Every structure is written in structure tokens, then in C-alpha cells.
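J.: Let me give you the structure first, and then I'll get to my questions.
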Amino acid sequence: GNFASKVGILVTIIGVFIGAKYAIDRDLISPAVRIILGYCSGITLCIIAWRLRKKYESYSAVLMGGGLAVLYFITYIAYGYFGLLSQGVAFSLMLLVTCITVCAAFLYNLVIIAHLGMVGAYAIPFLLSNNSGKYEILFAYIAIINAGILVISFRRNWRSLCYNAFFLTWLIYLFWYIIQY
């Protein structure tokens, strides 16, 4: 059942993006409507997950993760491809989705949802980068994310979250160091 629910949410996410691509290729709806429909899809998945959480907890957790992933991707598409959102608004929306993801991880008590939030949190600066070269802001942001991950990992005893954050932080630093110097 758990494997089938994961495959099901993957198919749902792929279906949303295939439908969006079809609408884009055929120019059936405007970019703003595409983004609004994408947000509606992600929010609908999260609402359905919320309502099913008591009766079908594992399926609900998969739906919640899928809905949050859709919200991350739609925000990136709205900013990166269509330019419908400013960098600040897109950053705020992605940060909000990350906070909701952390709350969902606590609600479901599942480290995998916390990992989804962590990946989203670390991806935000790179997805929304305008190549300004302001590394101070990048590393301050990562320090804030790491402090949050440290608190979360100690509260729930999720060591894998702490190890992955450590790895990703060093990977980002080394990547920056190699590119910069």
C-alpha cells in the first residue's frame, strides 16, 4: 500500500506537469492562469492530505509531500520561466512552503517530510538566484536554515536530517569556493 501510494502521488505530480505542458504547448490558457491552476492543484493535494491524515496516515503523508512539492515547483516556474513573481515574493512563498513542510513533518512525525523541506530550503537561493554574487546573504541564509535543522533534529532525534544538512552545507560551500576562486 505504501509503495502504491508513492507511485500514485508521483503519477499525480507528473500528470499535473504534463497537463500544464500541454496547455503551454497549445497556448490554451495564459501563463497567469497556468500558475494559479498549479497553486490550486498543490493546495488541493495538501487539503485532501490534511483531511485524510487520521484515517489514512501514510497515504495522507505522501499526498502532503506531493502537494508541497507541486507548490515549490509552481513558485519556481512562476518566477523563473514566466517572470510573474518578483524575487522577493517568490522567496517569501518558498520560505512559507518550507515552514509548512516543517510543520507537516512534526504533524506526521516523519523525517522524510522534513528532508523534503530541507531540500526545498537549500534549493531556494539557487532556484531564485539572479547571480548577484552576494555570498554573505547566501551563507547567512544557510546559517539560519542550519540552526532550524539543528533544533528540529534534536527535538525529534532525527540524526539523518542533521547529517544531510552538514553534507549539503559543505557541498554548497565547496561549490561556491571552487566557482569563486
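The values are calculated or read from the model by the stated rules, or taken from the named source; none is laboratory data. In this text, all values refer to a predicted model and were calculated from it rather than measured experimentally. We place every Cβ from the backbone using ideal geometry, glycine too, and count neighbours over all the protein chains shown. What goes into the accessible areas is simple: the full protein's heavy atoms, side chains included, and nothing from ligands, DNA or RNA. Shrake-Rupley method; radii C 1.70, N 1.55, O 1.52, S 1.80 Å.
J.: If a residue must be basic (Lys, Arg) and closer than 19 Å to Tyr76 by Cα, how many such residues does segment 1-25 contain?
T.: Count: 1.
J.: Going by the conditions given, is Gly83 open to solvent by less than 70 Å² (accessible area, probe 1.4 Å) and under 17 Å from the mean Cα position of the chain (by Cα)?
T.: no
J.: Name the residue, out of Thr44, Thr12, that is within 17 Å of the chain's Cα centre (by Cα), touching a residue at least 40 places away in the same chain (Cβ under 8 Å) and within 15 Å of Leu63 (Cβ to Cβ).
T.: Answer to the check: Thr12.
J.: Of everything in segment 120-142, what is among the β-branched types (Val, Ile, Thr) and buried (at least 17 other Cβ atoms within 10 Å of the Cβ)? Give them in sequence order.
T.: Once the filter is applied, which keeps residues that are among the β-branched types (Val, Ile, Thr) and buried (at least 17 other Cβ atoms within 10 Å of the Cβ), segment 120-142 yields Ile124, Ile142.
J.: Then there is this: Gly117 fails exactly one of the following numbered conditions: (1) buried (at least 19 other Cβ atoms within 10 Å of the Cβ); (2) at pLDDT 85 or above. What is the number of that condition?
T.: Of everything listed in (1) buried (at least 19 other Cβ atoms within 10 Å of the Cβ); (2) at pLDDT 85 or above, Gly117 misses just condition (2).
J.: Within segment 14-45, count every residue that is of a type outside the set (A, V, I, L, M, F, W, C), open to solvent by less than 100 Å² (accessible area, probe 1.4 Å) and in a helix (DSSP H, G or I).
T.: 10
J.: Please name all residue pairs, on different chains or six or more residues apart, with Cβ atoms under 7 Å, provided the first residue is in segment 26-38 and is under 14 Å from Ile77 (Cα atoms) and the second residue is part of a loop (DSSP other than H, G, I, E, B).
T.: Here the result reads Pro31/Phe82; Pro31/Leu84; Ala32/Leu84; Ile35/Phe82; Ile35/Leu84, each pair linking segment 26-38 to a residue that is part of a loop (DSSP other than H, G, I, E, B).
J.: Something else: Run Ile48 past the list (1) loosely packed, with under 13 Cβ neighbours inside 10 Å; (2) among the aliphatic types (A, V, I, L, M); (3) not in a loop (DSSP other than H, G, I, E, B) and report the number of the one that doesn't hold.
T.: So Ile48 meets the others, but not (1).
J.: While we're here: One residue is enough: does segment 143-161 have a residue meeting the conditions open to solvent by 40 Å² or more (accessible area, probe 1.4 Å) and either hydroxyl-bearing (Ser, Thr, Tyr) or in contact with a Pro (Cβ under 8 Å, 6 or more places away or on another chain) (or both)?
T.: The answer is yes, given that some residue of segment 143-161 is open to solvent by 40 Å² or more (accessible area, probe 1.4 Å) and either hydroxyl-bearing (Ser, Thr, Tyr) or in contact with a Pro (Cβ under 8 Å, 6 or more places away or on another chain) (or both).
J.: Kindly list, by first and then second residue, each pair from a residue in segment 107-127 that is more than 16 Å from Gly148 (Cα to Cα) to a residue that is assigned to a loop (DSSP other than H, G, I, E, B) and open to solvent by 10 Å² or more (accessible area, probe 1.4 Å), limited to pairs with Cβ atoms under 9 Å and residues at least 6 apart or on different chains.
T.: Between residues of segment 107-127 that are more than 16 Å from Gly148 (Cα to Cα) and residues that are assigned to a loop (DSSP other than H, G, I, E, B) and open to solvent by 10 Å² or more (accessible area, probe 1.4 Å), the close pairs are Leu107/Arg53; Tyr108/Arg53.
J.: I'd like to verify a number: residues in segment 65-106 that are more than 24 Å from Arg51 (Cα to Cα) and either in contact (Cβ under 8 Å) with a residue 60 or more places away in the chain or of a type in the set (A, V, I, L, M) (or both), how many?
T.: Total satisfying the criteria: 6.
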